[in-house]
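The values are calculated or read from the model by the stated rules, or taken from the named source; none is laboratory data. In this text the structure is predicted, and so the values were computed from the model without any measurement. All Cβ positions, even for glycine, are placed from backbone atoms using ideal geometry, and neighbour counts span all protein chains on display.
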Amino acid sequence: MKSRSLKVSSEKSVALAHQHQALVTSSSLTEDRYDATLRVPAGSLPSLMDSLSSLGRVTQRRVEMTDVTEATLDLQAALKNKRALRDRLRSLLERATKVEDILKIEKELSRVQTELDQMEARMKSMTSQVSHSTLKLSIKRDRIPGPLGAVTKGTSWLFGKLNHLN
């Protein structure tokens, strides 16, 4: 979007984000641009986008969706198998009598548990992706042309209209 006052627009965008229970995860404000990344509850995304459009002139709006259903199902199946393997290893560990066997089983159990923890963290992240949307907001300063810029802009508009008539 474009706005004449980036400071005011940035402050209002943060207030609107909070009204829609969104979290500003990053933001930067320079003289010519304001960029922010928001995590928005999935159901609040359309209303927040509509509210943010009141901050300036919308120049581009793009919505992308990634379906994580198949990946989630695959990860759930892998988690089930890893948990079963961990449980079998624990059972073997209880029955092991030789120190050498105990050490091998504990090493394998440690490896499997590490993989299981990583997979559970990935599942938690995927669940978060489903429940929240990521919104990237970019507002550029809409400069008011000076007298020479206004004349140049008006002249190019006039020539464009005249050229269109031909």
*Restricting to the stretch 7-36, what's the tally of residues that are part of a helix (DSSP H, G or I) and farther than 13 Å from LEU52 by Cα?*
1
_Lone unmet requirement of (1) at pLDDT 90 or above; (2) in contact with a strand residue (DSSP E or B) (Cβ under 7 Å, 6 or more places away or on another chain) for ARG90_ = (2)
*Of THR127, THR155, which residue is polar (S, T, N, Q), over 25 Å from THR30 (Cβ atoms), modelled with pLDDT of 65 or more and surrounded by 11 or more Cβ atoms within 10 Å (Cβ to Cβ)?*
THR127
*Can you confirm whether the stretch 57-72 contains a residue that is among the small types (Gly, Ala, Ser) and in contact with a strand residue (DSSP E or B) (Cβ under 7 Å, 6 or more places away or on another chain)?*
no
